[in-house]
Structure formats: structure tokens, C-alpha cells
Amino acid sequence: MAEKKLIQGVKGAREFYPAEMALRNYIYDKARQASELYGFLEWDGPFLETIDLYAAKSGDELVKEQAFVFADRGGDLITLRPELTPTLARMVAQKQNELSYPLRWWSFGPFWRYERPQRGRSREFFQWNVDMVGVNSPEADAELIAVAATFLRLSGLGPDKTSILVNNRKLMDQQFSDLGIEPEKRLAISNAVDRRTKMEPDKWDAYVLEIGLTAQQLSGLKAVLGNYDLWKSSEEMVRLMAALVSLGVSEYVKFDPNIMRGLLYYTGTVFEAFDTSGSVKRAIFGGGRYDNLLKEVGGDPLSGVGFAMGDVVVGLILREAGLVAAEDPAPAKVLVTIFNSETYPAAAASSALLRKAGINTLLSPEATKLQKQFKFADKAKVRFVVVQGPDEIAANVASVKDLQNATQVQVPLADLARHIAQGLDPIL
RNA sequence: GAGGCUGUAGCUCAAAGGCAGAGCGCCACACUGUGGAUGUGGAUGUUGAGGGUUCGAAACCGUCCAGCCUCCCCA
């Protein structure tokens, strides 16, 4: 009590108490299942990279303002990775002629971005990345969307709760061109489209006119953004949509001309997933097709398609939807109590028997009152409690209480593990 | 980087310038070989930090720190 001041953790860094760790592992497990169902290989890169790797995309806010950068003892600038794609590009380029294409890789690991922590955003987060490199077809794009949709399905997020919205950069570029919007204004227009849902209609109109569009172009643009059949005029989109039907995931997918994605490197299909039933407005994941992946790190150009999903937003959604309990996990099935200071050897021997049989077993570390040990068992959510007092030890048996139905029986020690295993799984 | 809200017991929150409280949780007992439920009793605070105003501050003022929300950006 003398020292009460707790040393604070790093702002925006994550703390995973057992309940949060269970959620993180749940997301990791579903990501792994979805990835492996499509035959993707797990990989990872270093968490530390030189700043040069990201500086290839100079001018990018991600690097200049959102990266954690520090000097190592030799004075070199080291970056905590803010994203995976540059690492992917480098690692593929290093073995460009050894790898077999199309490459299907997935990864789940930590990333860092120096930004203001808020709902759905922290400075340290885990991200699932999935990429297919070395192929350029709408069917490959569909495959990636299918991996993502499969994750949603495995996680219990059905198409009634989530949607994957898709669009195509080339299609939109054609529309902009048809409207006579000059190429140099298109980036600003893309950003404006991205921001449209967050602004009031009048203000958005004014904002677009300020960029330099004519009133006619504005109304044309709004017609385009309201045309949900626009995809039918794009051969790529038609093939993509057909592939999604064949792959059995089309119920998740909707065409939406308002999906642009801020990142510059997307060149074709783009997509983002949203929670449509809950309170979280941020994208669950986002991705798309990129060309010239390797050019900037010194390799020969390769096309790819990929997406990334952070753990924070999807974690919020899973909790809100009640799909993952906000409780500590309960790996142990049995608590072996210690009756008094003399009976520890018998209790420890019983716990060893159970563990040898593959049963997750807690052993009390000291002989406190049995009542206290039972209360602990209840909180630990174990099913069985084993008691061996002097009577049981003399008879070479153990008392086993089933907390679920409050029954208790005496079992010969030789049958202890089998008895409990059968109680846990009656099929045995 | 910009704006807003909040910070009181382990947790959720009351107290609006005048004695720091409740519920839940925790501990003990009822029940000295047995959990959940119930009852009775008990412990717990530098009111985020350090200053100022005041006879008197949890409250008012400014500083710092932290958390939450929005913008920016994005997973």
C-alpha cells in the first residue's frame, strides 16, 4: 500500500487480459481457417523495417505522420511496420524467380501507427493480410473477396449483418473521363467521393464545385454515384460478379460506385466490408487490385490483389453481436483440491493421472478451506471437483463432484480419469 | 495535427461550494468435509496530478496527464 502509483503503459498500446486474448485468438483462428480453406500459405515479415522501405512511397501520410520511427545505436532510422504490403513486395522481389505463381500468402501480426486512439483505432493493432500475387484476372479478385466473405461466415457474421461493397477504379475513371473531368482533378474527386457519406449533401455539393467541377459535371457525377447498375457496363465487373456467384459468396457482395479507397496504388477492383446492423461505422476490411507491386522496391512489375483486416473493428463488431463472450476463457475441466497439509501428495498424484489422460486439470496450490476451493472451482468454471481427504486416501478412492448437476460419487483412483472423461464427453 | 466530453472505492456511478455515498464485487460469519442462492456483519478513497480562488473545493479557474467521441487518415 505504500507505493500506490502504477506506472502507465504506452498510449494506444494494447493490453490483452485473458478475455481479450481469447477474442484475438478467435479472430486469428477464423482468419487461419478462411485462408487455409482457399489453400493460402501463412508467412510473416520482420516487425522492424528501415524507413527507406516506406519512403519509396514518399509524401504518404502513413509514413510521414503515422509511423513510429526511432534511431538505432548506429544511427539508422528504424520503423515499426505500419503496413505489410511493402514488406511483401520486398520479400517477393528478393526471390522473384524462385517463387511459383500465383503466390497465395496470408499473415496475421502486429502493426503500429502513431495516431490518436479512438473507437476502432489504436496505435498497436493486429492485422490479417491476404494477397494473391502474379495473376491479373477478375476471377482472382473474386477469389480474394471469397476468402474475406468466408471469414465473415465462419465468424458468425452473416450477410444479414455485413456487406462487402465492390467497385472498380478503371470503371470509375472511365465515368470521370466521360464527364470530362480532367485527370488532375480525379484524385480530389476520389477523396470527395470517399467522404460523401460523412458530409451533408449541400456541403458536399459545394465542396465538389470548389474542386473545380461544373454544375453539369456535378449532377453527372451524382447520377453515376447513384447508379447501382453501372457495373453491367464493365466487362471486368461482370466477370467478377459472375465468379462470386459461382464461388457461392455473392449474397455478401454488392456493387457500390461510392467505394473508392484512398490508397493510390489500387488500379482495378476495390472492395470494403461494413457492419450493416450494429453501431460500428468503420470498414471491417478493405482491399483491391494493385499493379506494379514490386517496381518501387526494385523488382520486375507483378500484379496482385489483396486485402487487410484490423483486429480492432472486427473485435468490436463480434463483441457487439454477442458472437464472442466477454469472459475469461475456461480451459480447465477439473479442480483437484487439497484437503489439508498432509494430503498434497495424493492430490498432486491425482492431478498427474488426469493430465496424463489429457484432461486439463487445476491443482489447488495450498490447503485452504474446502469451501474456498469450491468457490474458486465455480469461478474457474470447471465441471468437476476432486476431493481426497483421509477417508478417501485410506480407501484408495477419490470423491468427484459434478458441479453441473451437484452430484457426488466416490471413484477408485484407477477409474478416476475415465470417469471424468466420460462425464465430459458421454460418447466415450 | 484540430475540436468536444469525461476523470470520485476493485467495477458502474451519486454527491453541484458546507460531515465523500450507493449498488455490484471482495472478506468474514450463519455452514469448522463441499460451489452458485439467501441473510447478517466488515474492509476499502491523496475525489487522475500538482497549483490557484475561497472561511471552506470532488465541485469554480488555469496547467499537465489519461480515457472516450468527432474530424484528418486508415485496418
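Convex hull of alpha carbon positions in the stretch A:375-414: directionally averaged projected area 3.0 nm².
Distance between the modelled labels on A:Gln8 and A:Asp328, one decimal in nanometres: 2.8 nm (7 Å Cα→Cβ projection). Cα centroid separation, the stretch A:177-255 to the stretch A:359-378: 62 Å.
Only one residue of A:Leu218, A:Thr197, A:Phe176 has its Cα farthest out toward the positive end of the dipole of the stretch A:147-268, where Lys and Arg carry +1 and Asp and Glu -1 on Cβ, and that residue is A:Thr197. Each DSSP beta bridge with both residues in the stretch A:334-424 is either parallel or antiparallel, and the antiparallel ones are about 60%. Each peptide in A:153-165, A:391-403 gets a packing score, the mean of other Cβ atoms within 10 Å over its residues, and the list from highest to lowest is A:153-165, A:391-403.
Counting only whole DSSP H helices of chain A, the ones at least 20 Å long by C-alpha along their axis and with mean Kyte-Doolittle hydropathy no lower than -1.0 are A:18-37, A:138-154. Candidate cross-link partners of A:Lys30 among the aspartates and glutamates, defined by an alpha-carbon separation under 16 Å and a same-chain spacing of 8 or more, comprise A:Glu20, A:Glu42, A:Asp311. Summing charges over neighbours of A:Ala357, with a neighbour being any other residue whose Cβ is under 15 Å away from its Cβ, gives +3 when K and R count +1 and D and E count -1.
As an exercise, find the ratio Rg/Rh for the stretch A:292-374 from alpha-carbon atoms, using the Kirkwood inverse-distance average for Rh. That ratio equals 1.42. On the principal axes of its alpha carbon atoms, chain A extends 94, 55, 51 Å, with the longest extent given first. Taking 18 Å as the limit for the C-alpha separation, the pairs A:Lys170/A:Lys203; A:Lys232/A:Lys254; A:Lys333/A:Lys401 exceed it in the case of A:Lys170/A:Lys203. Would you give the gap between the C-alpha center of the stretch A:64-79 and the C-alpha center of the stretch A:390-428, rounded to a whole Å? That distance is 59 Å. Split the accessible area of chain A by element, probe 1.4 Å, and carbon with sulfur accounts for 52%.
For the stretch A:110-164, the Kirkwood estimate of the hydrodynamic radius, built from every pair of different alpha carbons, is 13.7 Å.
On the principal axes of its alpha carbon atoms, the stretch A:12-158 extends 45, 44, 24 Å, with the longest extent given first. Just so you know, the Cα atoms of the stretch A:334-424 work out to an Rg and Dmax of 11.6, 31 Å.
Please list A:79-88, A:25-34 highest first by mean number of surrounding beta-carbon atoms within 10 Å per residue.
Final packing ranking: A:79-88, A:25-34.
Within a straight-line Cα-Cα reach of under 20 Å, A:Lys295 can be paired with the following aspartates and glutamates, leaving aside sequence neighbours fewer than 8 residues apart in one chain: A:Glu49, A:Asp52, A:Asp60, A:Glu83, A:Glu98, A:Asp131. A full extension of the chain between A:Glu366 and A:Thr214 corresponds to an added length of 46.7 nm, given 0.36 nm per residue minus the alpha carbon distance. The order of the peptides A:18-24, A:359-365 by mean Cβ neighbours within 10 Å, most packed first, is A:359-365, A:18-24. Evaluated on the stretch A:229-336, the Kirkwood hydrodynamic radius is 17.1 Å, with distances taken between all distinct Cα atoms.
The values are calculated or read from the model by the stated rules, or taken from the named source; none is laboratory data. Nothing here was measured: the structure is a model prediction, and the numbers come from that model. When we count neighbours, we look across all protein chains shown, and the Cβ atoms used for this are built from the backbone with ideal geometry, even at glycine. The protein model used for the area step is the full one, side chains on, heavy atoms only, and it has no ligands, DNA or RNA in it. Shrake-Rupley method; radii C 1.70, N 1.55, O 1.52, S 1.80 Å.
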